[in-house]
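All of the numbers you see were taken from the coordinates with simple rules; none came from a lab. In this text, all values refer to a predicted model and were calculated from it rather than measured experimentally. With ideal geometry, Cβ positions are generated from the backbone for all residues, glycine too; neighbour counts draw on all protein chains shown.
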Amino acid sequence: MKAIDLRSDTVTRPTDAMRAAMGAAPLGDDVFGDDPSVNALQEKIAGLLGFEAALFVPTGTQSNLCGILSHCQRGDEYIVGQMQHCYRWEGGGAAVFGSVQPQPLDHQPDGTLALGAIEGAIKPDDPHFARSRLLALENTLGGKVLPMAYLQQATALARSKGLSTHLDGARLFNAAVAQAAANGSDARAEARRIAGLFDSVSVCFSKGLGAPVGSALCGSKELIARARRIRKMAGGAMRQSGVLAAAASHALDHHVDRLAADHALARRLAEGLAGIEGVQVEPPQTNILFVDLVGPAREKSAGLVDALAREGVLATGLYRLRFVTHLDVDAAGIDRAIAAMRAYFRA
Ligand SMILES: *Cc1c(COP(=O)(O)O)cnc(C)c1O
């Protein structure tokens, strides 16, 4: 029995069509700038999101690092949310490698950073303080779509105070697809509307888009030229990386609109888990479902993840479980997850 892996949307394997695209990709040496598949991908993602230029990098972590270090100098600071990947989950890279100080802020329940808190965190030009240089936001954040009106206000506030803006859009296309469904518009147009508010955007190809490896940083020509130097220092300048860029390019052509199916499966799981005593389901906005265990369910939490794994259902968490849907999950798998949860709690 093949396990249904809901630990993350990073676990997808390339489809046969994606492998064929990788196998057929024309290759060069990207450090010399002559890998045609890398160049084509960079042009495609920059054009799609409305930027002058883009840089293909191995990981989302490196994409954010190149972004932050391209905006900030040693002794600058970036304002960021406590739960954002580029503060909490990247080993403190911007501080370690760039001497760029983070100024973390708490999130509001919808994932946003309060405008007043952002404004209050911006330091005056005074030798006591690090130089407030950058506002970094993340969308989606824990599967939540930050409201478009908020993104407009937050980026306008940053600009009015002379700060640059960076979006960690590892799951930008999940946000865009959800927003497109709500507005009756097109996912690519929504992705471009969101991205257009920021000076730089990082996007992951190896999350819901289903490529094995890769991320891109998008920005102005000048910013991407600086980022290229940082990528080199970070050891992320690759050679025949067109074999990977081809997978990302295939994902952009074929795996964007289908994210709606992942979102529908997350809703199916949420509905299937509703009504189990002590199992509180947070209605999912995209492909990530959080479930909090309270009361009697919390007391039984210790063995849950292992018990689910024995039923071929992989998830993470203890009192707060996370289930992530993706390309390699189908309705039958979701129904197996629901059945395993109900059996465990005898609901
Ligand atoms: C996954 C992720 C990243 C980068 O992850 P890598 O594992 O380095 O590719 C960055 N930001 C967010 C929001 C992510 O979810």
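Per-residue Cβ neighbour counts within 10 Å put Leu327, Leu314, Leu135 in the sequence Leu314, Leu327, Leu135, beginning with the fewest.
When the charge dipole of the chain is built from unit charges on Cβ atoms (+1 for Lys and Arg, -1 for Asp and Glu) and taken about the Cα centre, the candidate among Pro14, Ala237, Val256 whose Cα reaches farthest toward its positive end is Ala237. Across the stretch 36-45, computed HN-Hα scalar couplings (Karplus, 6.51 cos²θ - 1.76 cosθ + 1.60, θ = phi - 60°) run x, 6, 5, 4, 5, 5, 4, 5, 5, 6 Hz from first to last residue, x flagging Gly and Pro. Scanning residues 5 or more positions from Lys123 or on other chains, those with amide H under 5 Å from its amide H are Ser132, with H placed 1.01 Å from N in the peptide plane.
Proximity of backbone amide H atoms, modeled 1.01 Å from N, is registered between Asp76 and Gln101, Arg131 at under 5 Å, excluding neighbours fewer than 5 places apart on the same chain.
Please give me the summed charge of the neighbours of Ala264: other residues whose Cβ is under 14 Å from its Cβ, Lys and Arg +1, Asp and Glu -1.
Once positives and negatives cancel, what remains is -2.
Among Arg193, Arg7, the order by Cβ neighbours within 10 angstrom, fewest to most, reads Arg7, Arg193. For the chain, DSSP calls about 50 percent of its internal beta bridges antiparallel. Give me the net charge of Leu48's neighbourhood, meaning all other residues with Cβ under 15 Å from the Cβ of Leu48; Lys, Arg count +1, Asp, Glu -1. Charge balance in the 15 Å sphere: -2. Karplus-derived 3J(HN,Hα) values for the stretch 215-227, using 6.51 cos²θ - 1.76 cosθ + 1.60 with θ = phi - 60°, are 8, 10, 9, 10, x, 6, 4, 5, 4, 5, 5, 5, 5 Hz; glycine and proline are entered as x.
Along the Cα-to-C-beta direction of Asp335, a point sits 7 Å from the Cα; which residues of the stretch 1-25 have their amide N less than 20 Å from that point? Zone members listed by number: 1-6. Taking every DSSP helix (H) stretch of at least 4 residues in the chain, weighting each as -39,500 (n - 2.57) and dividing the sum by the residue count yields a mean residue ellipticity at 222 nm of -13000 deg cm²/dmol.
Taking the Cβ of Gly98 as the centre, find all other residues whose Cβ is under 15 Å away and add up their charges (Lys, Arg: +1; Asp, Glu: -1).
On the way: positive: Arg74, Arg131, Arg133, Arg226, Arg229, Arg231, Lys232; negative: Asp76, Glu77, Glu90.
Computed value for this residue: +4.
If I stretch the segment between Glu277 and Arg298 completely, what's the gain in nm (0.36 nm per residue apart, minus their alpha carbon distance), one decimal? Before the final figure, lay out each step's value.
Numbers: separation 21, 0.36 × 21 = 7.56 nm, distance 1.01 nm.
Extending this stretch completely gives an extra 6.5 nm.
Net charge dipole, the chain: roughly 320 debye, given to the nearest 20, about the Cα centre with Cβ charges of +1 for Lys and Arg and -1 for Asp and Glu. Take every pair of alpha-carbon atoms less than 8 Å apart whose residues are at least six positions apart; their mean separation over the length of the chain yields a relative contact order of 25 percent.
Answer rounded, prolate or oblate for the chain, using the Cα gyration tensor with square roots of eigenvalues a ≥ b ≥ c: rounded when a/c is under 1.5, else prolate when a/b is larger than b/c, else oblate.
Details: a/c = 1.91, a/b = 1.28, b/c = 1.49.
Because a/c hits 1.5 or more and a/b fails to exceed b/c, the chain counts as oblate.
Residues whose amide H lies under 5 Å from that of Glu138, counting only those 5 or more places away or on a different chain, are Asp168; hydrogens are built 1.01 Å from N in the peptide plane.
Exposure proxy check: Met341, Met1 ranked by fewest other beta carbons within 10 Å?
On the way: Met341 25, Met1 6.
Ranked by crowding around the Cβ, least crowded first: Met1, Met341.
Exposed loop positions in the chain were taken to be GluC sites (Glu not before Pro) whose DSSP state is not H, G, I, E or B and which have at most 15 other beta-carbon atoms within 10 angstrom. Between these positions, the longest stretch is 53-276. The distance separating the Cα centre of the stretch 327-347 from that of the stretch 173-200 comes to 31 Å. Spin-label pair Ala17-Ala156: with each label point 7 Å from Cα along the Cα-Cβ axis, the two points sit 4.1 nm from one another.
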